[in-house]
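Reviewing the structure listed below.
The values are calculated or read from the model by the stated rules, or taken from the named source; none is laboratory data. Keep in mind that what you see is a predicted model, and the values were worked out from it rather than measured. Counting neighbours? That spans all protein chains shown, and the Cβs are built from the backbone with ideal geometry, glycine included. When the accessible area is computed, the model is the full protein with side chains, heavy atoms only, and any ligands, DNA or RNA have been set aside. Shrake-Rupley method; radii C 1.70, N 1.55, O 1.52, S 1.80 Å.
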Amino acid sequence: MEEDQIEKFVAAYLKKKGFKQAEHAFQEELQQQQQQPSKNNSSSSISTNSLTDSDIAKHLLTVSGLENGPAQYQDGYSKLRSWTYSSLDLYKHELLRVLYPVFIHCFMDLVEKGHIQEARTFFNSYREDHEMMHSRDLQKLEGVLSPSHLEEMEFAHTLRQSKVKIKICQYSYELLLQFLHKTKLTTMLGIVNEHINFQVSPGQPSSISDDAEVVTLIGSSQDEATQINQKEIHWGLLEDSLEERLEKGGVLLSDSEKADGEIKEGELDDNKKRSVEGTKQGMPMKKLKKDKAVNATAKTGRPEANTVSMAPRVKPELTLPVISTEVEKSILEDLRNRVQLSSVSLPSISFYTFINTHNGLNCSSISHDGSLVAGGFSDSSLKIWDMAKLGQEAVGSVLQGENGTTSSEHFLGLNGGKRPYTLFQGHSGPVYSATFSPLGDYLLSSSADSTIRLWSTKLNANLVCYKGHNYPVWDVQFSPVGHYFASASHDRTARIWSMDRIQPLRIMAGHLSDVDCVQWHANCNYIVTGSSDKTVRLWDVQSGECVRIFIGHRSMVLSLAMSPDGRYMASGDEDGAIMMWDLSSGRCVTPLMGHTSCVWTLAFSCEGSLLASGSADCTVKLWDVTTSTKVPRTEENKGGSTNRLRSLKTLPTKSTPVYSLRFSRRNLLFAAGALSRSLE
């Protein structure tokens, strides 16, 4: 075998495996040999050695030849997969973490070399192994059909240039390397060396419950998150808020007065058509609610109320809109008559069911008093139903829940004759999100056409079209004080807007994939975003900087909610997991497990004692926040029993995935969803 051939094979091998330092040193050595006067002698010596050591030459030829063929990837990954699944249970969950990065890089290597058919076969053979944890990533890679696609895809480019950080114990690490060397799986060894950065720790393997934190997502390393999470944040409530004025003024009603006021306010609600309870449920239900309010507030009402009143006060970073005296009086009236909820005093729930949507409903939104319900549809339309008018035309069915909790369902569909809704048209693509302003006089909608539109519910007209995003806008949310709103998009940014400006005030960039949902902090100084990159980020509205990164979800984050005191945040993901976070520390206080499908919506009760979650599994669940945030970490790791205790109640619908939840200012829970015939 000639000297030049050996040099080429060695150089190609080192380059292919990513051994950059070794390749550089090899090239330097070759250059030095060429510059030496005794080059001929050296060459003959090397040539002689190569002839005598023919085994090395054959090995280099074999490696080079085999690795150019697609069979090496299929065979190597298959052997690694079989060995991993047959490993001892003690180490298996750690070794399984290696399979996903090896899988995607095998696929991309095959595509890069032009073996498209073999790449598709390989991808389809093993994708089921990773569907649960990485379905979103697989959907993106599924569209790669040529090397040019791979070069143009930013997601693939990021994967290629970054290393996945995996935590693993010393023994598992040694087992893996020993297996790869023993079986001569050089292709797999090369991928592991080039694309995985192992954090080897001494001692026993980490527990399976810690798996969410041991595989760090590309680009969002734990080091970066730790550094960002050291920034100071002020999670308190705004100074001089209406709640604070109510507390200072000493005009809070006693429990008995509050209970008596329920009936009077119920009558006022009937007259003003502001609340659905009076028009739909009638006096028997009102009396039931009154009895519950009396019992609950007598037992546990006051302690729950203090969680909000004891929160620190902060100054606003945004210029707040002026609220008229009439509106202030209306809000204060609601606050005085708020029902105090707790684990022994659950809310009444009013459920609005959309029927005959023909799978066209993408989103729903409920106004703060429950008087208006909006739906966004795939045909680019937006429809609003007035509950007071709807009540005159159709009668909803009432479902009696356990322990006296009442749920009413009002069917929103076409029932002949005059159209029962107001139709808003203007978008040129499916409407993905809608949100009412705090007073219900405006409605925002976002669409696949990359725009956000502002509508007047008084004038029934489109007022403004906001353009700034370059791709579909998945979510839009009004701030708690109105006027300002936030949007989340496929372009991987979130943006802050004000109603009087057509350009965004701030652009928040940092997520590595779609920003799927957005929510405001109670003091309006922060927004929080959830993404398909499986992380949640907290942003400072004034500076536009990311001040917290929350890592722990195993799938895309679909829903967010902020506690009324601004201290905690809840996030729900595609797998049905809900995580409660402490904003100050950036740590997960407790996971809430129970849903079996996507958690599409979350809402805290007004005093912050309960969390409601709505899911694609057709249930609404109520969680005890007070207990959940006080459980010590030692109990969290014991098992699932503590999680079951934190779930207070599960309320199943007939066959309706839950799209949206909203607590009114008086703590009535509104919910909405579309009846799904396929689930029956």
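Quickly run through segment 488-514 and pick out the residues that are out of contact with any Pro (no Cβ under 8 Å at 6 or more places or on another chain), in a strand (DSSP E or B) and in contact (Cβ under 8 Å) with a residue 24 or more places away in the chain. Break it down stepwise before answering.
If we filter segment 488-514 for residues that are out of contact with any Pro (no Cβ under 8 Å at 6 or more places or on another chain), which is where we start, we get 488, 491-494, 498-514.
Narrowing the set further to residues that are in a strand (DSSP E or B) leaves 488, 493-494, 498, 506-509.
ALA488, THR493, ALA494, ARG506, ILE507, MET508, listed by residue number.
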Going through segment 565-603 in order, the residues found to be open to solvent by less than 30 Å² (accessible area, probe 1.4 Å) and assigned to a loop (DSSP other than H, G, I, E, B) are ASP565, GLY566, GLY576, ALA577, LEU583, GLY586, HIS595, CYS598
Have a look at LEU611, LEU560 and point out the one that is in the same structural domain as GLN477 (by the TED database), in contact with a helix residue (DSSP H, G or I) (Cβ under 8 Å, 6 or more places away or on another chain), in a strand (DSSP E or B) and modelled with pLDDT of 90 or more.
LEU611
Scan segment 539-556 and give yes if some residue there is touching a His at 6+ places or on another chain (Cβ under 7 Å) and within 22 Å of GLU574 (Cβ to Cβ), otherwise no.
no
Which pairs have Cβ atoms under 6 Å, sit 6 or more apart or on different chains, and link a residue in segment 637-655 that is in the same structural domain as GLY594 (by the TED database) and open to solvent by 40 Å² or more (accessible area, probe 1.4 Å) to one that is modelled with pLDDT of 85 or more and basic (Lys, Arg)?
THR650/LYS621
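Does GLY530 qualify as being part of a loop (DSSP other than H, G, I, E, B), buried (at least 23 other Cβ atoms within 10 Å of the Cβ) and either of a type in the set (Gly, Ala, Ser) or not assigned by the TED database to the domain that holds CYS363 (or both)?
On the way: part of a loop (DSSP other than H, G, I, E, B): no; buried (at least 23 other Cβ atoms within 10 Å of the Cβ): yes; either of a type in the set (Gly, Ala, Ser) or not assigned by the TED database to the domain that holds CYS363 (or both): yes.
It is false that GLY530 is part of a loop (DSSP other than H, G, I, E, B), buried (at least 23 other Cβ atoms within 10 Å of the Cβ) and either of a type in the set (Gly, Ala, Ser) or not assigned by the TED database to the domain that holds CYS363 (or both).
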Output the number of residues of segment 127-143 satisfying the condition of being surrounded by 12 or more Cβ atoms within 10 Å (Cβ to Cβ) and either touching a Pro at 6+ places or on another chain (Cβ under 7 Å) or at pLDDT 80 or above (or both).
6
Only one residue in THR325, THR357 is open to solvent by 10 Å² or more (accessible area, probe 1.4 Å), hydroxyl-bearing (Ser, Thr, Tyr) and within 27 Å of ALA674 (Cβ to Cβ). Which one?
THR357
Residue check, SER543 against (1) of a type outside the set (A, V, I, L, M); (2) within 18 Å of ILE496 (Cβ to Cβ); (3) in contact (Cβ under 8 Å) with a residue 12 or more places away in the chain, all met but one. Which one?
(3)
Out of GLY576, GLY566, GLY552, which single residue is touching a residue at least 40 places away in the same chain (Cβ under 8 Å) and farther than 23 Å from GLU232 by Cβ?
GLY576
Restrict the check to segment 422-438 and report whether at least one residue is open to solvent by less than 10 Å² (accessible area, probe 1.4 Å), closer than 25 Å to HIS521 by Cβ, in a loop (DSSP other than H, G, I, E, B) and at pLDDT 90 or above.
yes
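Part of a loop (DSSP other than H, G, I, E, B) and either open to solvent by 10 Å² or more (accessible area, probe 1.4 Å) or not acidic (Asp, Glu) (or both), is that true of ASN470?
Numbers: part of a loop (DSSP other than H, G, I, E, B): yes; either open to solvent by 10 Å² or more (accessible area, probe 1.4 Å) or not acidic (Asp, Glu) (or both): yes.
In short, yes.
Would you mind finding the one in GLY190, GLY203 that is more than 30 Å from ALA509 (Cβ to Cβ) and modelled with pLDDT under 85?
Working: GLY190 fails: modelled with pLDDT under 85.
On inspection, the qualifying residue turns out to be GLY203.
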